[in-house]
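Here is the structure we will look at, set down as structure tokens.
Every number in this text was worked out from the coordinates using simple rules, so none of it is lab data. Owing to the predicted nature of the structure, the values given are computational and were not obtained by experimental measurement. Note that each Cβ is placed from the backbone with ideal geometry, even for glycine, and that neighbours are counted across all protein chains shown.
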Amino acid sequence: MTCPNAGEYYLFVADVYIQILYALYLYRNFYASICIYLTIIFLNFQYLLSLRPPPREVARIGGTGLLAYLRPRIQSVCKNLYPTNPDAVDEILTGNILRDSLDPGAINVMISGSKLPPPRTANELLGADFGSAKSHSKEDSSIIAAAEGMWEGKTLVAQGFLDPLNDAKARARLFGELRKGITVKPINAGHCPHDELDEDVANAIGHWLLETTKKENEVGKDSGGIESSSDIIS
């Protein structure tokens, strides 16, 4: 293990401050926001302790506190995440979330968040033209994709443009710029568009499948190949 360099440390601190400011905006509650992000700092303490995960006892205390804080606020948090159709946050949804949070193994899920390695980036997963193993090698891209577990096929991103947890419009734009073959469909919904506006997402998938199949058939007739494109459809 190596100690984090100054750049990693300052990026971590800056990220925590940005999240605290966002929590202040989202919950309008200073003390609640501080409690939440002190817990996050503890759960990510490996950045300050030579990249080692925190002791299990510390992670358990932090995770238990966070679950206890969030359980009575499930409905209000979900309604913030469903800005277009808050009525979709019904008793079934909130009851399922509460039930899962009370499962004996729920705390282990919280603890694992402080121990798992960082997830692979979208650049790597989708074989982007930049920031992936494929972009740094002169070998056949299909060979690299197979070795690295990349997906180079056509992809639809049905992005909720009102997602309060990130800059959704910038996120959609970046997905569209990763490579050809990625289509971004804006959905007028929040963090869970597939649940908040399920018909809109289903229609987007159906339209994308029809358009993709049509283009492949046309290109196949003309040149015998398959052409892919990256765009944002409305």
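By how many nm would the segment from LYS79 to ASP198 grow when fully extended, if each residue of separation counts as 0.36 nm and the alpha-carbon distance is taken off?
Roughly 41.2 nm would be gained on extension.
Sum up the charges of everything whose Cβ sits under 15 Å from the Cβ of LEU70, counting Lys and Arg as +1 and Asp and Glu as -1, but leave LEU70 out.
+2
Find out how many positive minus negative residues lie around VAL89, taking Lys and Arg as positive, Asp and Glu as negative, among other residues whose Cβ is under 14 Å from that of VAL89.
Surrounding charge for VAL89 is -4.
Which residues' amide hydrogens lie under 5 Å from the amide hydrogen of ALA158, considering only partners 5 or more residues apart or on another chain, with H built in the peptide plane?
Placed amide hydrogens put LYS185 under 5 Å from ALA158.
Taking θ as phi - 60°, what are the ³J(HN,Hα) couplings along the range 91-97 by the Karplus curve (6.51, -1.76, 1.60), each to the nearest whole Hz, with x for Gly and Pro?
5, 5, 4, 5, x, 5, 5
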